[in-house]
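Q: Structure below; questions to follow.
Since every read-out is calculated from the coordinates, none of them should be taken as a lab result. Note that the structure is a prediction, hence the values are computed from the model and not measured. Quick reminder, even Gly has a Cβ in these numbers, built from the backbone with ideal geometry, and neighbours come from all protein chains shown.
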Amino acid sequence: MTVRERLAENLRNILAQRHMTIDALAEESGVRKATIINWLYIRHSPTLEPLYDVANALGMTIDELVKEKK
């Protein structure tokens, strides 16, 4: 599984577990909704700053956001 695929899977799981919408995450992180959607559908690779902003809004590190779940 690629990093992009892990990010998409982990982000979907986190949003579901927290009953959080993409809109809410975009608002909290300051990252455009379209950017987050592109990550979820593996259309684009994330750049560091928006990825950091999303991880920070979720109370996580980038590593936690993209690591493989065992």
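Q: Grab the beta carbon distance between Thr2 and Ala24, set R0 = 22 Å, and tell me the FRET efficiency rounded to 0.05. Write down the numbers at each step before the final one.
A: Working: r = 26 Å, r/R0 = 1.20.
Calculated transfer efficiency: 0.25.
Q: So, one more: Tally Lys/Arg at +1 and Asp/Glu at -1 over every other residue whose Cβ is under 13 Å from the Cβ of Ala34; what's the total?
A: Details: positive: Arg32, Lys33, Arg43; negative: Asp23.
After counting each charged neighbour, the total is +2.
Q: Another question, then. Just checking my list (1) 68; (2) 55; (3) 46 against percent of Cα pairs over 15 Å apart computed from this structure; which label fits?
A: Given (1) 68; (2) 55; (3) 46, the structure-derived one carries the label (3).
Q: Please state the relative contact order of the chain as a whole percent: Cα pairs under 8 Å, 6+ residues apart? Display every interim value, and only then the final one.
A: Values: 58 pairs, mean separation 29.1, N = 70.
Contact order relative to length: 42 percent.
Q: Size of the dipole of the chain about the Cα centre, Lys and Arg at +1 and Asp and Glu at -1 on the beta carbon, nothing else charged, in debye to 20? Let's see the in-between values first.
A: Details: 10 positive and 10 negative charges, 57 e Å.
That gives a dipole near 280 debye.
Q: Also: Ignoring everything except DSSP H segments at least 4 long, calculate the 222 nm mean residue ellipticity for the chain; use -39,500 (n - 2.57) per segment, divide by total residues, nearest 500.
A: Working: 5 runs with 46 residues, N = 70.
So the calculated ellipticity at 222 nm is -18500 deg cm²/dmol.
Q: Here's something else I'd like to know. Note down the net charge around Gln17, summing +1 for each Lys or Arg and -1 for each Asp or Glu among other residues with Cβ under 13 Å from its Cβ. Numbers along the way, then the final one.
A: Values: positive: Arg12, Arg18, Lys69; negative: Glu9.
My count for the surroundings of Gln17 gives +2.
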